[in-house]
Structure formats: C-alpha cells, structure tokens
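Notes follow the structure.
The values are calculated or read from the model by the stated rules, or taken from the named source; none is laboratory data. Predicted, not measured: the structure shown is a model, and the values here were computed from it. FYI the Cβ positions are ideal-geometry reconstructions off the backbone, even for glycines, and counts take in every protein chain you see.
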C-alpha cells in the first residue's frame, strides 16, 4: 500500500503547528512531517508537540543532521519519543546541509564516515545494546540506554548522492529522498540502495522508501511551483513536482509509487497561502484517488 503524508514546513512559525497537527489527525492523514532546517525549528521538539496534541497520525522528522548531535543524545531523544508514543514517530538522520554545518562549526571532513558510524551506533543503542566503539567521529565507552524502546525503532537515512544511497541500503532501515528527485531518479536511487543492501547481506530485511513530492494546488499553482523550483535551481530539471487539482496530484503520487516509493509525502511550496487547506486537500481529496 502507498502511504501518503504532508509536510509542515518551517517557513511557518511554530505557533501555527498545533491547529495543523490536529487537523491532520482529524482528517485521517497518515503522516505529518516536520523539518529541522537551520535556523528555523527543532525537529524533535516539534515532533514531540505534534505527538502530544494528536492521537493517531504518524509524525516524521526529516531530518536530524548527525554533525549537530552526539549519537547518545539522538538515541535518548528517539527512545523517549518511542516509549511515550509507540510506533508513531518516524526518525530520519542525514548529513545535513554542509554550508549550514560549516556555519555552526560542525562540518566534518568525511560526512559519509560520520553517517555510517552514527547509523551503526544509533541502531544498536535503540536495540537496547551496550555500545563501545572508537570510530573516527563516534566514540562510545560502554553506553546503553536505561529506557530503551520496547521494540527496535527503524531509522531512515535522508540521502541523495550515490555513495550515500548505497550506505543507506547498507546501514539504515529505510531511505528518505528529497523533492528534488524525478520519477527516473527515484528508480535510480532504489537501485543504488539495493546495491548497498546486497553488499551488507540485508536483502531479506524490509527497507521502505519515502519520497517527498513538491505539490501545488489551487489558484496560481503552476506559478508557485515554478517559483519554488527556480529558487532551488531546479526550474530546468524535467519531472520535478506537480501542479494541479487532486487527480493530477494523485497521478504523480502513483508514478512515484510505481518507481518504488512506499510512502509519498506531499511538500507544499514555501509560500503556500493555505497550509491547513493543503493538509485537508492531501487527506480528503488526494488520498481517495491513490490506489492501495
């Protein structure tokens, strides 16, 4: 089944999150995602608030930049969310935007090495293991969580480049792709992830793929989509995003699903005039048109 979600973008002030979270829960939306973009809003704090305000909607964090966090702190945060709200938080970690990491003095020489070490240590801690490791960046000495999750928590990697996609297949429990991916690029990413899974002998384990899809609807949808793509330097890249009403958006979701996406999360433009209406549109208009 193709799962469907929507994003609360951090261009909106944090005080706008509560009514949108409650709307997402009441409307039957499957997943609501929050971002941790420098220097706007914290991912864990936003997710915890949404989980507390709602009863059933899953809450994704896309993503926690590993250069900003000691892996033990990440594990403590994730375990706390999971024990308070079992099965409802979707956790993603990644390199972070390198310019931002440089800006805060956290940029590392080898982001790939750091992400690999972080993923291996984080997943082990969330399994309740005592971890000792002396890596290039991740160093732990007999660390174990006092309150580990009752069940292991899947950890997704939010990645884009070929080596990082292979690493996700090797060391993560799933992958998140940004809205800069076309259908063909999703297929290519799926192949690279599979290569990593095969190299690590993990092909028997599930590895769900979540894909963001930039979407605009209502008056001026095409213009708002084009503006967003231009701001991201993607205006000349074919097959990125969708503008139109529910049928057009649902067809774009289906294409992503056919390319290998297990979950498609619709991303509104940064200047979306009606964020609450967008969530309602995804849940009530698009969802019934997406084949299970």
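Of the conditions (1) within 21 Å of the chain's Cα centre (by Cα); (2) part of a helix (DSSP H, G or I); (3) surrounded by 15 or more Cβ atoms within 10 Å (Cβ to Cβ), residue 227 satisfies every one except a single condition; which number is it? Condition not satisfied by residue 227: (1). Of the residues 244, 233, the single one that is surrounded by fewer than 20 Cβ atoms within 10 Å (Cβ to Cβ) and modelled with pLDDT under 95 is 233. What do you reckon, is residue 108 in contact with a helix residue (DSSP H, G or I) (Cβ under 6 Å, 6 or more places away or on another chain) and in contact (Cβ under 8 Å) with a residue 60 or more places away in the chain? Answer is no for this residue.
For residue 267, the conditions (1) in contact with a strand residue (DSSP E or B) (Cβ under 6 Å, 6 or more places away or on another chain); (2) assigned to a helix (DSSP H, G or I); (3) in contact (Cβ under 8 Å) with a residue 40 or more places away in the chain; (4) within 21 Å of residue 223 (Cβ to Cβ) are fulfilled apart from (2). Screening the candidates 153, 138, 131 for the property of being in contact with a strand residue (DSSP E or B) (Cβ under 6 Å, 6 or more places away or on another chain), under 20 Å from residue 79 (Cβ atoms) and either surrounded by fewer than 20 Cβ atoms within 10 Å (Cβ to Cβ) or in contact (Cβ under 8 Å) with a residue 12 or more places away in the chain (or both) yields one hit, 131. Restricting the range 186-219 to residues that are within 17 Å of the chain's Cα centre (by Cα) and assigned to a helix (DSSP H, G or I), the residue that is farthest from residue 269 (Cα to Cα) is 193. For the range 250-263, enumerate the residues that are touching a residue at least 40 places away in the same chain (Cβ under 8 Å), buried (at least 19 other Cβ atoms within 10 Å of the Cβ) and not in a loop (DSSP other than H, G, I, E, B). Those that are touching a residue at least 40 places away in the same chain (Cβ under 8 Å), buried (at least 19 other Cβ atoms within 10 Å of the Cβ) and not in a loop (DSSP other than H, G, I, E, B): 250, 253, 256, 257, 259, 263.
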